[in-house]
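Beneath this line is the structure, given in structure tokens, with notes to follow.
The values are calculated or read from the model by the stated rules, or taken from the named source; none is laboratory data. Keep in mind it's a predicted model, so treat the numbers as computed, not measured. Here the Cβ positions follow ideal geometry from the backbone for every residue, glycine too, while neighbour counts run over all protein chains shown. Surface accessibility is based on the protein's heavy atoms, side chains included, excluding ligands, DNA and RNA. Shrake-Rupley method; radii C 1.70, N 1.55, O 1.52, S 1.80 Å.
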Amino acid sequence: MKRLQGFIGGLLNKKVDATGLAIFRIFYSVILLCEVGQIFYFKELIFDKIPFIESADIDLRFALIIWMLVIVMIIFGFYTRIATILNYAFSVVFIATIKTYEYHMFYVYMGVNFLLIFTSISNALSIDNLIKLISGVNREGRQVSVLNYHVFILLAIAFVYFDSVFYKTMSPTWMGGLGMWRPASLPHFTHIDGSLLLNTRWLVMGLGYLTLIFETVFIFTFFRKKWRGSLFLIGVGLHFGIFLEFPIPWFGLGVMSIYMLMVPFSWWQYISQKIRLKAPKLTFYCNHSIERSNYYESIASQISSFGKVRVELITDGEKDYGCFALDNKGKKFVGQEALEKVLNCNLFTFVFLRFLNLIGAKEVFLKALYDGDFKLVRPIKGGNDWKRRVLSLKVVVVTCFLLIVSLLQVNVTYHSLLVKELREVSGVDETTIGRVVNSVSLRVKYFSKVFFGITNHPVFMDAHMDGYDHIYGVEAELHNGDRLWLPIIDKEGHVDKYAYSFNWVKWTFRVNGPKLNQRNLEKGIKDFSLFWAAKNDVPLEGLKLNIYLKNIEVPNKWEYDFLKKQKEKPWKHVAIGIWEQNDFSLNYIQ
């Protein structure tokens, strides 16, 4: 235990640049904002008992809007700690226990959103850090503990891969090199035709094996400095492929955002040097004879990025304002306007000002900044002895947390396919101790899934594809005779715009599935068609739906042009749905 605490203490004391952590915060939060925006758009489909007809007991619009505003605060690093706590609370309410619409990116959100509360994500590229710097409170500048980087990667990627391997090694599809080819060869699993890759056998099978090897070694190598660049490139490449091929864009991009934490620090420094301007666009002058001159100088120095602003100190000039600026055309700006020009020279603060202007708060913010009214933080006083005690306590707390989440992951993996097979062979589940352990373990597993996103990850397994030889499409026949194909599954059998992310999992595995449940299919068609009609102002009364079936083959071995052959399979008219007096009936054609 002492050796482990010593190792954790070393990581806590190792300080690194916070730029990568800030870029992760912004990238990840933008993806989360897109996901919540999609939830907001489909809120009636998700939460209403019957979309637009029988509403949910609670109007969730305002809560979702507040959640999106909270995420915007995290993007800009404004009151970050409060925002991350609220963000986690909203996550628990909206996605932690959701059932038929849940998908594996929700688990990633839960783990990352929990960690956002306790990590130093606002030490760079944030309004909070800007205010701390100009107030003289932040003594470490852009430096953070390297553990801030490692803990996100451990919980959101390494644990996921670790558990996934215990499923993939039991899968004939993955062990046969078809882990990428097989799901991408089913039209209703994809949103594009990737035949160019799928028909290159050595490449697509090589990528399948690479994925399996990569996930196996990742947990043992991600924290090693020499491996970071290679792991980053492979990981981003694989998840960019997921983004391109499969209808789960926020998963692909979301994991890519976490991989930003693996970019070697030297790469960020190199990029910064390459894009730095040779000549400044603005020269900012601070009048030393004014009381707040050091304050203005600190603002300009901290906000200036890529050499866009040069700061000069003078002893005379605009004494009524204390600061002024000249652009490269010689135009002069004084006082509050000069500060605004400095803020506009930084992309991050430029976007933040545009957002404040959108909500009518820009002038209030600029005046408060110019007058020095921001006091978001206070320095914590204490001697070196007090600081050592705090650090020692932090080491103990972090060590205990990492041990707990590691044990939670082991408990989850206890229910993986490989371990279940070993349990069945050994007969341990038939013993009294085995049954007690299994019962307690399942309760702990539910807890870890809800609050930390630690759960099993059987992604694209054989059970998802075996016997899944049918695709259903829905066509609306309007009162004027026009026919419109509902944007769930398109006419080629690919996923359409209504079936992305959580909706894809809902339609593909909860409404449909390898083993079809007619009741689930009818309810799914009812809900999706009702939502579509309401969103597109289509009169519901008398609306006729034609249900089509495309029978396809499910591959067990690599085959050239397999996807193209499935797309060419004909549609068969199998059922008719009718909306009458807000009631839906589905009649099958004999």
* Number of positions in the range 69-91 that are open to solvent by 40 Å² or more (accessible area, probe 1.4 Å) and aliphatic (A, V, I, L, M) -> 6
* Confirm whether D57 is more than 30 Å from L403 (Cβ to Cβ) and either open to solvent by 40 Å² or more (accessible area, probe 1.4 Å) or of a type in the set (K, R) (or both). => yes
* Write out, first by first residue and then by second, each pair whose Cβ atoms fall under 6 Å of each other, whose residues are 6+ apart or on separate chains, and whose first residue, in the range 537-550, is farther than 26 Å from P187 by Cβ while the second is open to solvent by less than 10 Å² (accessible area, probe 1.4 Å) and assigned to a strand (DSSP E or B). => L540/W579; L543/W579
* **Meets criteria (part of a loop (DSSP other than H, G, I, E, B), modelled with pLDDT under 80 and open to solvent by 50 Å² or more (accessible area, probe 1.4 Å)) for G360** => no
* Structure fact -> Selection over the range 448-480 where residues are among the aliphatic types (A, V, I, L, M), assigned to a loop (DSSP other than H, G, I, E, B) and in contact with a helix residue (DSSP H, G or I) (Cβ under 9 Å, 6 or more places away or on another chain) yields a count of 3
* Of the residues A63, A56, A89, A18, which is over 21 Å from L261 (Cα atoms), among the aliphatic types (A, V, I, L, M) and in contact with a Lys or Arg (Cβ under 8 Å, 6 or more places away or on another chain)? -> A56
* Go through the range 481-493 and count every residue that is touching a residue at least 12 places away in the same chain (Cβ under 8 Å), assigned to a loop (DSSP other than H, G, I, E, B) and either farther than 27 Å from Y41 by Cβ or open to solvent by less than 10 Å² (accessible area, probe 1.4 Å) (or both). => 3
* **Options D496, D527: the member that is of a type outside the set (S, T, Y) and either closer than 23 Å to L253 by Cα or surrounded by fewer than 14 Cβ atoms within 10 Å (Cβ to Cβ) (or both)** => D496
* Asked: Taking the range 537-556, which residues are under 21 Å from G513 (Cα atoms) and part of a loop (DSSP other than H, G, I, E, B)?
  -> I552, E553, V554, P555, N556
* When you go through W504, W571, W579, W558 one by one, which is the residue that is surrounded by 15 or more Cβ atoms within 10 Å (Cβ to Cβ) and closer than 30 Å to L33 by Cβ? -> W504
* Tabulated pairs, the range 153-168, first more than 17 Å from Y109 (Cα to Cα) and open to solvent by 10 Å² or more (accessible area, probe 1.4 Å), second part of a helix (DSSP H, G or I) and of a type in the set (V, I, T), C-beta under 6 angstrom, 6+ apart or interchain -> F162/I219; V165/T216; F166/T413
* Is there any pair with a first residue in the range 119-133 that is closer than 20 Å to I85 by Cα and assigned by the TED database to the domain that holds F348 and a second that is in a loop (DSSP other than H, G, I, E, B) and open to solvent by less than 10 Å² (accessible area, probe 1.4 Å) whose Cβ atoms are under 8 Å apart and which are 6 or more apart or on different chains, and what are they? -> none
* To do: Filter the range 176-196 down to the residues that are aliphatic (A, V, I, L, M) and in contact (Cβ under 8 Å) with a residue 24 or more places away in the chain, then identify the one that is most open to solvent (accessible area, probe 1.4 Å).
  => I192
* Does the range 313-331 contain at least one residue that is at pLDDT 70 or above and either of a type in the set (S, T, Y) or in contact with a Pro (Cβ under 6 Å, 6 or more places away or on another chain) (or both)? -> no
* Of the criteria (1) in contact (Cβ under 8 Å) with a residue 60 or more places away in the chain; (2) farther than 19 Å from K99 by Cβ, which one W504 fails -> (2)
* **Selection count, the range 120-131, where residues are surrounded by 21 or more Cβ atoms within 10 Å (Cβ to Cβ) and within 14 Å of F152 (Cβ to Cβ)** => 1
* Asked: From the list L21, L33, L64, which residue is open to solvent by less than 30 Å² (accessible area, probe 1.4 Å) and either of a type in the set (S, T, Y) or at pLDDT 95 or above (or both)?
  -> L64
